[in-house]
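Every number here is computed from the coordinates shown, using simple stated rules; none is lab data. Treat the numbers as computed from the prediction; the structure is a model and nothing was measured. Note: ideal-geometry Cβ built from the backbone for every residue, glycine included; neighbour counts use all protein chains shown.
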Amino acid sequence: MKRFVPSDVCLACDGCCRYAEARTSWAPFFLFDEIERLTREDRVPSCLFAHVGAAAGCGARIQLTEENGHFFCPCLDAHRHACLIYPDRPFDCRLYPFLLARRDTGPCLAVDENCPYLRERIGSPAFTAHVDYLRQLFGGPRGAAFLRLHPDIIQDYPSDVRVLYPLSRP
């Protein structure tokens, strides 16, 4: 999948991977096969995934770590400002600042306008081209199959995220 935010910009930003609370819809969501691979390779401990109430084979949010009243993704080395699994980060992180959001009307592609890189480029030709790319990706057979296989990737986000367009129901 093409990324919108270049990796050097993404890794230099201190906005993501840090949270105000321990339980948040913004914590990275890992698909089951991502969890399985990263734990099998001993890159992320399985105890960091909250599968409470999840069906077998479902994905889960990673449990955040706390330091001095702040919460971090445990894959973030906050002192070096580096993601320890960046080349293998979950789909959820690869897609960001775009989101697969659940709304009353069904699944949709949304965007988090709090991303500084996106905020400077919203409405630009690059933004429009990336939205078109995602529309084709998720509207095409491979994207539809991905969403059917991983319906849990469609998450509940706050109502202030900007909805771009509806998706077909998986």
**Message:** Within region 12-51, list the residues whose amide N lies under 12 Å from a label point set 7 Å along Cα→Cβ of HIS81.
**Reply:** 12-16
**Prompt:** Label ALA22 and LEU164 with points 7 Å out from Cα along Cα→Cβ: what is the distance between them in nm?
**Reply:** 3.5
**Request:** Using only the alpha carbons of region 1-82, determine the length spanned along each of the three principal axes and report them from longest to shortest in whole angstroms.
**Result:** 36, 34, 23
**Message:** Please report, in whole Å³, the volume per residue of the convex hull around the C-alpha atoms of region 33-170.
**Reply:** 149
**Request:** Figure the gain on full extension for ARG142 and GLU120 (residue separation times 0.36 nm, minus the Cα-Cα span) and round it to one decimal in nm.
**Result:** 4.9 nm
